[in-house]
Amino acid sequence: MAKKFNFKVKVYYEDTDVGGVVYYANYLKFLERARSEAIYSLGYTNSSIHKKFGVLLIVKSCNIDYKKPARFEDTLEITSEVISFTKTSILMKQVIFKDSEIISKAEIHLVSVDKNGKPSKIPEDLKKKLEN
């Protein structure tokens, strides 16, 4: 079973549109922050993964379902967990909650690539830490 990561983010004025609702593209930023914090919690940074293993984890695709809006000054909680692995990719599920209610769900397909942008094997140590 894959490890589940939790991250909280507060919605600032800059995240919203004129109506005080979070602009749709900013959810992608929140999800990215949550994934980065998950990596940090494992003792890595995106830079250290690149330096130590010679790979980058990049987003290949993202499918997001917006259920309810988040608004200015809301505090959101984002859960992130790995659904599956292949040799070179990671499929993640991320869910955004507001007051324990799901407001958005996303499925993110990440690919491990080398310095030339070619798919490369996910570092075994990173994979093990994501699994446990």
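The figures follow:
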| quantity | calculated |
| --- | --- |
| Long-range neighbours under 6 Å by Cβ, at least six apart or interchain, first residue over 22 Å from E37 (Cβ atoms) within segment 106-132, second open to solvent by 70 Å² or more (accessible area, probe 1.4 Å) | K121/K87 |
| Filtered residues of segment 18-38 (kept if under 22 Å from N63 (Cα atoms) and surrounded by fewer than 19 Cβ atoms within 10 Å (Cβ to Cβ)) | V21, Y23, Y24, A25, N26, L28, K29, E32, R33, S36, E37 |
| From the options K105, K98, residue that is open to solvent by less than 70 Å² (accessible area, probe 1.4 Å) and basic (K, R) | K98 |
| Single unsatisfied condition, S47 versus (1) at pLDDT below 95; (2) among the polar types (S, T, N, Q); (3) in a strand (DSSP E or B) | (3) |
| Only one of K93, K67 that is under 12 Å from the mean Cα position of the chain (by Cα) and modelled with pLDDT of 95 or more | K93 |
| Test: residue in segment 56-64 that is part of a loop (DSSP other than H, G, I, E, B) and surrounded by fewer than 18 Cβ atoms within 10 Å (Cβ to Cβ) | no |
| Selected residue (criterion: farthest from S41 (Cα to Cα)) from residues of segment 65-115 that are small (G, A, S) and not in a strand (DSSP E or B) | A70 |
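The values are calculated or read from the model by the stated rules, or taken from the named source; none is laboratory data. Quick caveat, the model's predicted, so the values are computed rather than measured. So basically every Cβ, Gly included, is an ideal-geometry build from the backbone, and we count neighbours across all protein chains shown. Surface areas here come from the heavy atoms of the whole protein model, side chains and all, with no ligands, DNA or RNA. Shrake-Rupley method; radii C 1.70, N 1.55, O 1.52, S 1.80 Å.
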